[in-house]
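S.K.: The structure is given below, and queries will be raised subsequently.
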Amino acid sequence: MSFDLVFFGGTGDLTWRKLMPALFQAFRHGKLPEGGRILAVARDARSDDEYRQFIRQRFDEVDAAKRPSDDEFARFAQLLHYQQMDLSQPEHYARLKRWLDEPRAEEGRTSPADTVVLYLATSPHLFPVICEQLGTAGLNHDRIRVVLEKPLGHDLDSARRINAVVRSVFKESQAFRIDHYLGKPSVQNLSALRFGNAFFEPLWRRESIANIQITIAESLGVGTRGDFYDRTGALRDMIQNHALQLLTMIAMEPPPTADADAIRDEKLKVLKSLKPFTRESVQRDVVRGQYRAGSVGGQAVPGYLDESKVPTGSRCETFVALRTEVQNWRWAGVPFYLRTGKRLAGRDAHIVVNFRPVPHPIFAGVHQANKLVIKLQPEDGLELHLMAAKGSVGHGSEALSPVSLDLDFDKAFASGRVGAYERLLLDAIAGRLNLFVRSDEQEQAWAWVEPILQAWNQDPIGPRPYVAGSWGPPAASALVARDGFMWEEEQ
Ligand code: BG6
């Protein structure tokens, strides 16, 4: 199967930092279908060779293990092409169409590709104009797929507007909306855990589960992205998409098949079942924070307000913790706590499923309820915490001790694992939609966060400060303690 992959925003950060290294890995692993061409389009004038040079240099900034040797790069570079493009000019789209429709032998192809993937790695405000122009140029036929990078919109209204344009030009089955968390092997494992095993399902409900905690902690700050981040904030950047996607995968009903729409229908049902926020419940159940100077991993780091390109006095949140419920028969009354933040104590994404305590304890000593810790990153694994008898003799020997079953998926599946972007790019080329977000899912997620955005707009008290290197503002602990629970690291 031959393919053409076009990157709009071909010189941008996302392209050289994530997409090209991912493609190179796919190339190195022999996963990229034969007969492919990769075309980067961007504003400035460059030749193919100049673009190849640009990418070659940028590779020096990615992980050493992912860098190509000279020989590998020379072979990979043959796939790379460049076109200067003004995204508002119809004739530039016509030229792109000619390039796609009439490949030349020296580009390694004599007939049009079986599949054309148009990857919009630009700022989302350009999505409507690019889609409209693509439609006008006839670049929306059946062999075409369009990949839309997040953030897709800034709120419900803008997301709807973008989706309306996308839908007016492409069929839903041609639209691949990225949430790169879905491409992570550890996140795919959530479905495998729940629907590939009979073991958990009978327990996966309110009768057995006391609460569920989803944490996506980052140790990094906003780095050089201060201006983008300040317009976005943690709620839009992480909760509306990554954290909610994790929640849907934990809470969804078993889908009838593994088809993209069967899965997405169930995820949508979860989003529709989330308890809606009101102004009062935002006050009570949502904590926003902003980091102050502190130290992370032994290094002193500045506060958010001192990061480059962050406006003076910004009220942008770099931390969110919230409590919600999934209002259906399976989950009624079970709190779901979501938490994410920059400059927290470590890079650590995990989900904790806290089970209810035994109904009638007969052993002496402290009883810890069972819990399942699903580790998403940096490690990918599973810990099942149980109580066991030590078997020793003497005073207090009848007391139980906590032990854990520990599975390390990185070790178990050492070879053959692929990174998130590599996986998603290969899926887009192959036309597999399972790991992409449907427009209704996305709009529903926006609809759910919208009251939080509105309440914050009217709230005279900005985000609560927290020290870089901590686990966020103390109010985040209070949020969970109110229900009689603790975050994982406090237990
Ligand atoms: C991106 C956010 O979607 O995800 C970033 O825009 C964040 O702010 C990143 O750092 C986290 O991704 P990962 O894969 O490093 O956990």
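S.K.: Per the helix-only calculation at 222 nm, which mean residue ellipticity applies to the chain, given -39500 (n - 2.57) for every DSSP H run of n ≥ 4 and division by its residues, nearest 500 deg cm²/dmol?
M.R.: It comes out at -9500 deg cm²/dmol, rounded to the nearest 500.
S.K.: Measure off, as a whole percent, the carbon and sulfur share of the 1.4 Å-probe accessible area of segment 284-360, all protein chains present.
M.R.: Taking all protein chains in place, segment 284-360 shows 53 percent carbon and sulfur surface.
S.K.: Continuing with the same structure: What's log10 of I(q)/I(0) for segment 134-192 at q = 0.24 Å⁻¹, Debye sum over Cα points only, no solvent?
M.R.: Values, matching the q order: -0.99.
S.K.: Expressed as a whole percent, how much of the Cα-Cα distance distribution for segment 281-423 exceeds 21 Å?
M.R.: Working: 6776 of 10153 pairs.
Of all Cα-Cα distances in segment 281-423, 67 percent exceed 21 Å.
S.K.: Still on this structure, I have one more. Averaging sequence separations of C-alpha pairs under 8 Å and six or more residues apart, then dividing by the length of segment 217-343, give the relative contact order as a whole percent.
M.R.: 36 percent
S.K.: Compute the label zone of residue 408 within segment 372-392: residues whose backbone N is under 19 Å from the point 7 Å along Cα-to-Cβ.
M.R.: Residues passing the 19 Å test: 373-385.
S.K.: If you don't mind, there's one more thing I want to ask. Assuming R0 = 51 Å, what is the FRET efficiency of residue 198 and residue 47, from their Cβ-Cβ distance, to the nearest 0.05?
M.R.: In this case the efficiency is close to 0.30.
S.K.: Can you tell me the length gained on complete extension of the stretch residue 75 to residue 369, counting 0.36 nm per residue apart and subtracting the Cα distance?
M.R.: Net length gain for the segment: 100.3 nm.
S.K.: Can I ask one more? In segment 377-478, carbon and sulfur make up what percent of the accessible area (probe 1.4 Å)?
M.R.: Ligands and nucleic acids excluded, carbon and sulfur give 57 percent.
S.K.: Roughly to the nearest percent, how much of the accessible area of segment 43-167 is carbon and sulfur, given a 1.4 Å probe?
M.R.: Roughly 45 percent of what the probe reaches on segment 43-167 is carbon or sulfur.
S.K.: Between residue 61 and residue 306, what is 0.36 nm times their sequence separation minus the Cα-Cα distance? Round to one decimal in nm.
M.R.: Full extension of this stretch gives 85.7 nm more.
S.K.: Please list, ordered by chain and number, the residues whose modelled amide H lies under 5 Å from the amide H of residue 145; skip anything fewer than 5 residues away on the same chain.
M.R.: Counting only residues 5 or more places away or on other chains, the set is 116, 117, 118.
S.K.: Return a whole-number percent for the relative contact order of the chain, with Cα pairs under 8 Å and 6 or more residues apart as the contact set.
M.R.: For the chain, the relative contact order is 17 percent.
S.K.: On each of the three principal axes of the Cα atoms of the chain, give max minus min coordinate, whole Å, ordered largest first.
M.R.: Sorted largest first, the three principal extents are 83, 51, 46 Å.
S.K.: With +1 on each Lys and Arg Cβ and -1 on each Asp and Glu Cβ, how big is the dipole of the chain about its Cα centre, in debye rounded to the nearest 20?
M.R.: Computed charge dipole of the chain: roughly 540 debye.
S.K.: Less than 12 Å Cβ to Cβ from residue 22, Lys/Arg counted +1 and Asp/Glu -1: what total charge do the surrounding residues give?
M.R.: +3
S.K.: Let me check I've understood the local charge: for residue 407, count other residues with C-beta under 13 angstrom from its C-beta, Lys and Arg +1, Asp and Glu -1. What total comes out?
M.R.: Summing Lys/Arg as +1 and Asp/Glu as -1 gives -4.
S.K.: Let me ask something additional. Once each part is reduced to its C-alpha centroid, what is the distance from segment 411-445 to segment 297-332 in angstrom?
M.R.: 26 Å
S.K.: Another question, then. Please report the spacing between the Cα centers of segment 221-288 and segment 17-47 in Å, no decimals.
M.R.: 30 Å
S.K.: I would also like to ask the following. Stretch residue 280-residue 332 to full length: gain in nm at 0.36 nm per residue minus the Cα-Cα span?
M.R.: The span from residue 280 to residue 332 would gain 16.7 nm if fully extended.
S.K.: Normalised by the number of residues in segment 353-394, what is the relative contact order in percent for Cα pairs under 8 Å and 6+ residues apart?
M.R.: Details: 45 pairs, mean separation 13.2, N = 42.
Across segment 353-394, relative contact order equals 31 percent.
S.K.: Which of the peptides 175-186, 7-18, 56-67, 251-262 is most tightly packed, and how do the rest follow, going by the mean number of other Cβ atoms within 10 Å of each residue?
M.R.: Packing order, densest peptide first, comes out as 175-186, 7-18, 251-262, 56-67.
S.K.: Next up: Under a 1.4 Å probe, what is the accessible area of the chain per residue, stated in Å²?
M.R.: Details: 21690 Å² over 491 residues.
Computed with neighbouring chains in place, this is 44 Å² per residue.
S.K.: I want to check the label-to-label distance for residue 154 and residue 432. Put each point 7 Å from Cα in the C-beta direction and report it in nm to one decimal.
M.R.: 3.6 nm
The values are calculated or read from the model by the stated rules, or taken from the named source; none is laboratory data. None of the values given here were measured: they were computed from a predicted structure. Positions of Cβ are backbone-derived with ideal geometry, glycine not excepted, and every protein chain shown enters the neighbour counts. We work out accessible area using only protein heavy atoms, side chains counted, and drop any ligands, DNA or RNA first. Shrake-Rupley method; radii C 1.70, N 1.55, O 1.52, S 1.80 Å.
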